[in-house]
Amino acid sequence: MPHDLLALPKAHLHLHLTGAMRHSTMVELAQTNGISLPPALTDEWPPELSTADERGWFRFQRLYDAARSVLRTPDDLYRLVREIAEDDRAEGSGWLELQADPSGFAAMYGGITEYVELLLDAAAKAALAADIGIGIVVAANRTRHPMDARMTARLAAQFTTQGVVGFGLSNDERRGPAKDFEPAFRIANRAGLLLVPHAGELVGPASVTATLNLLHADRIGHGVRSVEDPWLIERLAAEQVTLEVCPASNVALGVARDPESVPVRTLFDAGVPLALGADDPLLFGPRLVPQYEIARDVHGFSPAELAELARMSVRGSAAPPQTRARLLAGIDSWLGAPDFQQGDSQRHGLPH
């Protein structure tokens, strides 16, 4: 196929660890570990979701916790990360930033430090086996006490030379204002980590402005509601702050009415850097390439514009210089050679 999106080199900057699990793996591990999953994760998958109110978010979080509960052993974690790497590599991703909240795994793996050590080892092994670069984003949970976020930031800072590349802030945006997490982000900033909080998903543009002013965000998870404030769009474009836009997630959670309503075109045309992401495909269904298909098929992105989306993902990443250069060269090759064969990874500059 001309300009096959699977073969487009790209970076994937918004993917959560549990939410990236294969559905088949979740079901298998549940059976192996004797865990009963709710019908919404088995017979009715992918589940009907909405986060228009806190009750809807609670249901989403309950399903997410149920999915996480199938992970019980180090082998389960290693398998999860290995399969995530394989799946991303198959979609043309040459660099993956995988986000994880240690507080959700501490009880299973002997504590948050022990868990992060296991995760980093699993990521290193998976990266080598799947031929993909992987960086870990350690995320604080905004529904927990801000003191927990400080502890999580100190933990992330300990592993900056071992694969942790960023510090995030996730969960229900309505329950954890940015100002409560300033001290945690100062710790992460001093450690040289990319600052990548979620904002502008469940709350409007004021949430994005707060992450810029108070948390000094380098990138913003989602940020799609920035379009409600023209001045904010201008600022994001001027400061070249990358938004990690996840179209299928926005629709599944009721942030956008339909794929046409996700403001990919509006933000792109305004000069705001975008990195398309899958967010939690275990709960939403589509993985990375379908996000690019939405840009192409729904928003009319040309091959040149799709290539620029891929470049934006690379430029907004924490990928090492050599990886960046290889991926950017591969994107140029993809755009300039429409008759390539799918899977010709060396020709297109993917890791090899």
Original post:
Among Ala122, Ala270, Ala140, whose mean-square fluctuation peaks in a Gaussian network model of the chain (Cα, cutoff 10 Å)?
Top reply: Ala270
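Given a Förster radius of 56 Å and the C-beta distance between Gln322 and Glu48 as r, what FRET efficiency does 1/(1 + (r/R0)^6) yield to the nearest 0.05?
Step by step, r from the Cβ atoms, then E = 0.80.
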**OP:** Report the one residue of Val314, Ala252, Leu236 whose Cα lies farthest in the direction of the positive end of the charge dipole of region 225-330 (charges on C-beta: Lys and Arg +1, Asp and Glu -1; origin at the Cα centre).
**Re:** Val314
Subject >> Max mean-square fluctuation residue, GNM over the chain, Cα-Cα springs under 10 Å, options Glu117, Glu308, Glu182 >> reply: Glu117
Subject >> Over the chain: helical MRE at 222 nm, DSSP H runs n ≥ 4 each giving -39500 (n - 2.57), nearest 500 >> reply: -13500 deg cm²/dmol
Original post:
Could you give the length gained on full extension between Arg235 and Asp258, defined as 0.36 nm per residue of separation minus the Cα-Cα distance, in nm?
Top reply: 5.6 nm
Subject >> Between region 123-179 and region 78-92, the Cα center-to-center distance that results, in Å >> reply: 19 Å
Original post:
Most mobile of Gly223, Gly200, Gly336 per a Gaussian network model of the chain (Cα springs, under 10 Å)?
Top reply: Gly336
Original post:
Accessible surface of Lys125 in the full protein assembly, 1.4 angstrom probe, to the nearest 10 Å²?
Top reply: 110 Å²
**OP:** Could you please state how large a percent of the accessible area of the chain is carbon and sulfur, counting protein chains only and using a 1.4 Å probe?
**Re:** 51 percent
Original post:
Taking the Cβ-Cβ separation of Ala90 and Glu28 as r and a Förster radius of 25 Å, what is the calculated FRET efficiency to the nearest 0.05?
Top reply: 0.80
Subject >> Extension reserve of the Ala304-Glu182 stretch, reckoned as 0.36 nm per residue once the Cα distance is removed >> reply: 40.0 nm
Original post:
Is the shape of region 18-172 best called rounded, prolate or oblate, per the rule: a/c under 1.5 gives rounded, else a/b larger than b/c gives prolate, else oblate, with a ≥ b ≥ c the square roots of the Cα gyration tensor eigenvalues?
Top reply: oblate
**OP:** Please report the relative contact order for the chain, taking Cα pairs under 8 Å with a sequence separation of at least 6, and give it as a percent rounded to a whole number.
**Re:** 22 percent
Subject >> Where the chain is the region considered: accessible area per residue in Å², 1.4 Å probe >> reply: 39 Å²
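The values are calculated or read from the model by the stated rules, or taken from the named source; none is laboratory data. In this text, all values refer to a predicted model and were calculated from it rather than measured experimentally. FYI the Cβ positions are ideal-geometry reconstructions off the backbone, even for glycines, and counts take in every protein chain you see. Please note that ligands, DNA and RNA were not included when accessible areas were found on the heavy atoms of the full protein model with its side chains. Shrake-Rupley method; radii C 1.70, N 1.55, O 1.52, S 1.80 Å.
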